[in-house]
Amino acid sequence: MKFEIQLTGANGKRKHVVELKRTGDASAVSLDGHPVDADAVQIAPNVVSVMLGGQSYELYISRSTDGTMKLRCGAHEYTADIIDPRAWRGRKHGAVEVEGRQEILAPMPGKVVRVLAMLGDSVEAGQGLLVVEAMKMQNEIRSPKSGKVERLLVKEGQNVNVGEVLAWVE
């Protein structure tokens with residue numbers, strides 16, 4: 001997976017490209033095309049412990065209403081705008097919403113760690129449906145439209161493969 005991350009802090013804006021690759025049990029991280037010795041573990045809700053080049057950092061994360069993330073590490077604060085090239089850009093601000101029955105697919109292989117919406121629940125566009133853990137990172141799978149959860153095909157603890165149907169929203 002490749003992401004573009006724009007960090008805004010006291011020293012201005014910087015754009016980085018982060019690529020995550022998983023082979024078996026091992027994972028590799030590259031930053032701006034250079035391999036990096038990195039690992040991350042969620043140690044509490046909204047708190048991630050990051051090992052970067054042999055040094056440990058505690059990262060506190062919160063989401064803004066505009067879709068960006070607020071990051072705090074020690075005395076440093078940043079705003080991060082993460083661009084996932086697999087995501088449909090019109091979905092970010094909720095201005096454009098898909099129509100009709102929508103299949104919700106697993107974007108990556110992983111394990112369902114939380115189900116946030118149950119069968120029959122009404123959901124809004126962008127609302128979290130479930131959380132899939134992959135490469136020690138938890139990824140919230142969101143509804144692409146407002147509607148009702150028509151089918152829920154997974155449960156907590158279940159392993160899923162990329163492209164597997166997780167739910168349907170009507």
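Taken together, the values in this text are just the output of simple stated rules run on the coordinates, not laboratory data. Predicted, not measured: the structure shown is a model, and the values here were computed from it. Using ideal geometry, Cβ is built from the backbone for each residue, glycine included, and neighbour counts are taken over all protein chains shown.
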(message) Which one, N139, I83, V113, projects farthest toward the positive side of the charge dipole computed for the chain from Cβ point charges (K/R +1, D/E -1)?
(response) I83
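Using the number of other C-beta atoms within 10 angstrom as an exposure proxy, rank H76, H34 with the fewest first.
On the way: H76 11, H34 7.
With the fewest neighbours first, H76, H34 line up as H34, H76.
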(request) Report, in whole Å, the centroid distance computed from the Cα atoms of region 1-41 and region 113-133. (result) 27
